[in-house]
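Bear in mind these aren't lab numbers, they're just calculated from the coordinates by the rules spelled out. Fair warning: this is a prediction, and the values are worked out from it, not measured in the lab. FYI the Cβ positions are ideal-geometry reconstructions off the backbone, even for glycines, and counts take in every protein chain you see.
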Amino acid sequence: MSDWDFARQHSETCDTLKHLAENQGVSVGPKTIVNLDVFLVPGVQADQDALERALAMFGYTGEMYEDEETKELSFTVTVEDVALTEDGVWLHEERISKIGIARGYTPDGWGFFEP
């Protein structure tokens with residue numbers, strides 16, 4: 001694996017969930033969100049076919065998007081029915097990040113739309 005700092009990434013996820021609960025009024029805990037989106041940015045050596053095959057082994061699918069203004073690419077993996085908890089989000093974020101890093105992508109956070 002790369003020199004990616006998973007401890008820092010996990011800490012940021014925990015801080016984000018805490019911030020959402022304390023400052024944004026988002027109900028975290030056993031609540032389930034419909035879709036969790038995990039973002040990966042392709043690097044020079046990115047292999048989208050290999051990424052999609054590896055994600056599929058864990059039941060994930062994703063799609064490449066291009067920002068209309070910046071023209072930057074981002075691969076978004078959408079996970080359905082995720083518990084909005086540190087463990088619920090981190091389980092998928094860490095797994096998808098490791099799959100992406102091994103195939104030339106950089107993790108770029110996560111998000112969700114409140115139903």
Next on the checklist: Which order do the peptides 103-111, 57-65, 33-41 come out in when sorted by mean C-beta neighbours inside 10 angstrom, highest first?
Outcome noted: 33-41, 103-111, 57-65
Item to check | Rg and Dmax [Cα atoms of the chain; Å; Rg one decimal, Dmax integer] | outcome: 14.2, 40
Next on the checklist: If the elastic network links every pair of Cα atoms under 10 Å, which of Ser27, Ser97, Ser74 fluctuates the most in the Gaussian network model of the chain?
Outcome noted: Ser27
Checklist entry - Relative contact order for the range 6-112 using alpha-carbon pairs under 8 Å, separation at least 6, rounded to a whole percent? => result 40 percent
Item to check | Residues in the range 66-104 reached by a label modelled at Phe6 [backbone nitrogen below 11 Å; 7 Å Cα→Cβ] | outcome: 91, 94-99
Checklist outcome for this item: Of Glu68, Glu80, Glu22, the most mobile residue in a GNM of the chain (C-alpha springs, cutoff 10 Å) is Glu68
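Just from its helices, what would the mean residue ellipticity at 222 nm be for the chain, if runs of 4 or more DSSP H residues each count -39500 (n - 2.57) and the sum is divided by every residue, rounded to the nearest 500 deg cm²/dmol? Could the numbers behind the result be given before it?
Numbers: 3 runs with 43 residues, N = 115.
Counting only the DSSP helices, I get -12000 deg cm²/dmol.
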